[in-house]
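The values are calculated or read from the model by the stated rules, or taken from the named source; none is laboratory data. These figures come from a predicted structure and were not determined experimentally. Please note: Cβ atoms are built from the backbone with ideal geometry, for glycine as well, and neighbour counts cover all protein chains shown. All accessible areas refer to the heavy atoms of the entire protein, side chains included, with ligands and DNA or RNA removed. Shrake-Rupley method; radii C 1.70, N 1.55, O 1.52, S 1.80 Å.
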Amino acid sequence: ALFPAGGAAAILLRYLRDQNRPHSAQDAFGNLQREHGLGKTAVVKALEQLAQQGKIREKAYGKQKIYFPDQDQFPTVSDSELKALDNEISELSSKVQTLQQSCRHMESELKDLNGSMTTPEMIKEIEELKKDCASYTEKLERIKSAANHVTPEEKEKVYNEKKLYCKEWRRRKRMATELLDAILEGYPKSKKQFF
């Protein structure tokens, strides 16, 4: 939307007085463009016009111009008032810091809660685990009631016998191999024919 120069000037004058701090044309444009739809050219012209009329002050820093309200229109502030404002700023800064810390803590808590299960999901998971538990209990009972149990002693005996037989088999195989190798050294035909 395009504003007449007077409309843009009124908006800028009100804005600069409310803010009461220096602004470049770019700052003013950036801060007012979204809310009021002012174009950059209209902002620059309106600021220059207000400065010429003496409604605001203009200061040049190199190629850039800074605009701010005339400070004579504001009441002077005593040292005690400035000190009180500084104390208020300090208190508010402390409150902001405390609130930010609390906010970070809450965000962390929210992240943990979002990562954990909801109550309905938890109930469903418990039901699934109960079913699994019942299934395993039933399986365990079947195993316990089976008639063909192998006792730990019988199991140990079988393992020991297996170990003994394997050891004996390896010993006999080695003896047979040594014997066959000795015969084959003087045997005129092939190993296959000998076997």
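Worth a mention:
- This model, with +1 at the C-beta of Lys and Arg and -1 at the C-beta of Asp and Glu, gives the chain a dipole about its Cα centre of some 1740 debye.
- Tensor-based shape of segment 7-46 (alpha-carbon gyration tensor, a/c under 1.5 rounded, otherwise prolate or oblate): rounded
- Taking 0.36 nm per residue of sequence separation and removing the Cα-Cα distance, the Asn31/Gln64 pair yields an extension gain of 10.1 nm.
- Placed amide H near Ser24: partners under 5 Å, 5+ positions off or other chain: Tyr67
- 23 Å Cα-Cα reach of Lys163 towards lysines, excluding residues that sit fewer than 8 places from it in its own chain: Lys155, Lys173
- Cα lying deepest toward the dipole's positive end in the chain, options Gln97, Leu16, Thr137, charges on Cβ: Thr137
- Helix-only CD estimate at 222 nm, as mean residue ellipticity for the chain, using -39500 (n - 2.57) per DSSP H run (n ≥ 4): -25500 deg cm²/dmol
- Too-long pairs where the Cα-Cα distance tops 20 Å, listed order kept, from Lys40/Lys65; Lys55/Lys83; Lys40/Lys63: Lys55/Lys83
- Spatially proximal lysines relative to Lys139 (Cα-Cα < 20 Å; intrachain offsets below 8 disregarded): Lys130, Lys131
- Exposure of Arg21 as accessible area (Å², to 10), given a probe of 1.4 Å and all protein chains: 110
- By average C-beta atoms within 10 angstrom, highest first, the peptides 23-36, 107-120: 23-36, 107-120
- Val96 versus Lys155: modelled label distance in nm, points set 7 Å from Cα along the beta carbon direction: 7.0
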